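So the structure is just underneath, and the comments pick up after that.
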Amino acid sequence: MKTVPQISLQEAVALVKDGDILLQGGFGMTGNPVHLMHALAETQTKDLTFIGNNVGEPGIGGGRLLRNGQISKMIGSFFTSNSEAVKAAQDGLVAYELLPQGTLAEALRAGGAGIGGFYTPTSAGTELAQGRETKILNGTEQVFIPALRGNVAFIRAWRADTAGNLQYRMTEQNFNTAMATAADLVIVEVEEIVPVGEIPPESIHTPASFVDYLVLAKLTLEDLGSSAAVSSSKKVSEIRLHMAKRALQELKSGDVVNLGIGIPTLVADLITEEDGVILHTENGMLGVGPAPTDGGGAMDYPVNAGKVPVTALKGASYFDSSDSFAMIRGKHIDVAVMGGLQVDESGNLANWAVPGQPLLGVGGAMDLASGAKRLIITMTHTEKNGDPKIVPVCDLPLTALKAVDMVITDKAVFEFIDGQLTLIELMPDATLEEVVATTTAKFVQRLK
């Protein structure tokens, strides 16, 4: 069995050259090789193309490189978690390419597997597909995505043995697993290095053949950024709670369900063990439980897609982002509950961008909207200024075409029945006259 060199942080970052493509594992600051990133920020290395789900947080992880001006281009799925990344893009200081989260994960997996690229239905018909080759495959429009590879990958694992076999902790696999396969040089920072044989073969997530160097680096609470702890204060309006309770009525025992950010996250707080609903989070967990009550954070618990620490129910499992989105695209998610900005008469969804703002944060929305067996949208019926959100045709950037099955608002519940937008229920204290007056889309009525 080989022995992988163990080097210092300074020796590791000296291997990164000006102009390199740098892959950085992690989801938010969870599983993030923050020590390697901070050591690189102490160098003069510049003109880097950064590939990662997001560019850390302001001044933390990749955010420190960005602040230093060391990044010339960023490729990822959710830059909006770092306000400085948004400003750098808006000001034209950094070039950027936005990919749906599942597309990013699969492009890295393909790069590591020696595959030149792939077709995916995710993002078809949206602004992110503009300029890309498309084909109709099996009756579905699909977008061609080239594989991604890097010169150097910085990844984070929990344990390594001296041969370079890696074991990840809880939801810290995320993008690390694919990135460990997709670079010419793979440098891993780890919490612990143990003798060969101490990690059982069935517990090894990344085999030693992918790893070039190990760096020992201990994690602290400060390294976890906003995921360091859970805030116990959460004020929820009755209107939002009504929508969440109504969405819960649509979930059946045994359903595998993914809940988006915003109103859908409230559904998670309402689910009990007796409901038998299995929650999925796209950063790599099945069997998500409620938030911890002891104030613990990502040092002690897995995190969900909102980068919030959660508990794991009995029978829960962890996996990497590639497998997670294979579940989504492969129709293994029964229901997705997501927020919305607009839904139109054809069941098209817009929920990720508004005109005049940079398109910097799509995350997993496009994958989930087109991949889940059933899509439920929860949103307020109108904008704050009274503009309708259920409209004849979406005029905001599209998330997915003809994907919506149900819309739950603070005024009404609509379902697409035989392809037609149908009003099936009024919410508490709402009237039919109100719904008609605030809905510009054409709909039929089948009120219960």
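The values are calculated or read from the model by the stated rules, or taken from the named source; none is laboratory data. All values reported here derive from a predicted model rather than from experimental measurement. Because the Cβ atoms are built from the backbone with ideal geometry, glycine has one as well, and the counts that use them run over all protein chains shown. Heavy atoms of the whole protein, side chains included, go into the accessibility calculation; ligands, DNA and RNA do not. Shrake-Rupley method; radii C 1.70, N 1.55, O 1.52, S 1.80 Å.
Structure data summary
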read-out: Estimated D of the chain in µm² per second, where Rh is the Kirkwood radius over Cα pairs and Stokes-Einstein applies at 20 °C, 1.002 mPa s; value: 95 µm²/s
read-out: Cα-based reach from K314 at 21 Å (exclusive), listing lysines while leaving out same-chain residues under 8 positions away; value: K252
read-out: Karplus (6.51, -1.76, 1.60) ³J(HN,Hα), θ = phi - 60°, over the range 416-432, in Hz, Gly and Pro reported as x; value: 8, 10, 6, x, 10, 5, 10, 7, 10, 6, 9, 7, x, 6, 9, 10, 4
read-out: For the range 234-301: rounded, prolate or oblate by the Cα gyration tensor [a/c cutoff 1.5]; value: oblate
read-out: DSSP beta bridge pairing in the chain, given as percent antiparallel to the nearest 5; value: 40 percent
read-out: Relative contact order [Cα under 8 Å, 6+ residues apart], the range 57-147, whole percent; value: 22 percent
read-out: The range 351-394: C-alpha gyration tensor shape, a/c 1.5 cut-off, then a/b vs b/c; value: oblate
read-out: Top of A305, A372, A129 by mean-square fluctuation, Gaussian network on the chain, Cα under 10 Å; value: A129
read-out: Links that overshoot a 31 Å alpha carbon limit, given the list K73/K373; K46/K87; K235/K331; value: K73/K373; K235/K331
read-out: FRET E, pair E238, Q420, Förster distance 25 Å, beta-carbon r, rounded to 0.05; value: 0.20
read-out: Percentage relative contact order, the chain, counting C-alpha pairs under 8 Å, at least six apart; value: 14 percent
read-out: Computed [θ] at 222 nm, deg cm²/dmol, the chain (DSSP H ≥ 4; -39,500 (n - 2.57); rounded to nearest 500); value: -5000 deg cm²/dmol
read-out: Summed residue charge, Cβ within 12 Å of V335's Cβ, Lys/Arg positive, Asp/Glu negative; value: 0
read-out: Among L93, Q173, A441 - extreme Cα towards positive end, dipole of the chain, charges at beta-carbon; value: A441
read-out: Average accessible area per residue (Å²) across the chain - probe 1.4 Å, nucleic acids and ligands excluded; value: 41 Å²
read-out: Relative contact order (%) - the range 15-109, alpha-carbon pairs under 8 angstrom, separation at least six; value: 24 percent
read-out: Environment charge of E127, counting only residues whose C-beta is closer than 14 Å and scoring Lys/Arg +1, Asp/Glu -1; value: -1
read-out: For G289, distant residues with modelled amide H under 5 Å away; value: T311, A312, L313
read-out: Eligible aspartates and glutamates near K218 by straight Cα distance, threshold 20 Å, same-chain separation 8 or greater; value: E11, E42, E57, D161, E172, E189, E191, E192, E198, D300
read-out: Percent carbon-and-sulfur accessible area, the chain, ignoring ligands, DNA and RNA, probe 1.4 Å; value: 51 percent
read-out: Computed E for Q6/K402 - FRET, C-beta separation, R0 51 angstrom, nearest 0.05; value: 0.45
read-out: Förster radius 35 Å - calculated FRET efficiency between D387 and L447, Cβ distance, rounded to 0.05; value: 0.90
read-out: Phi-based couplings in Hz for the range 62-72 (Karplus 6.51, -1.76, 1.60; Gly and Pro marked x); value: x, x, 6, 5, 4, 4, 7, x, 7, 9, 9
read-out: Angle between the chain longest axis and helix 238-248 axis [Cα atoms, degrees, rounded to 10]; value: 80 degrees
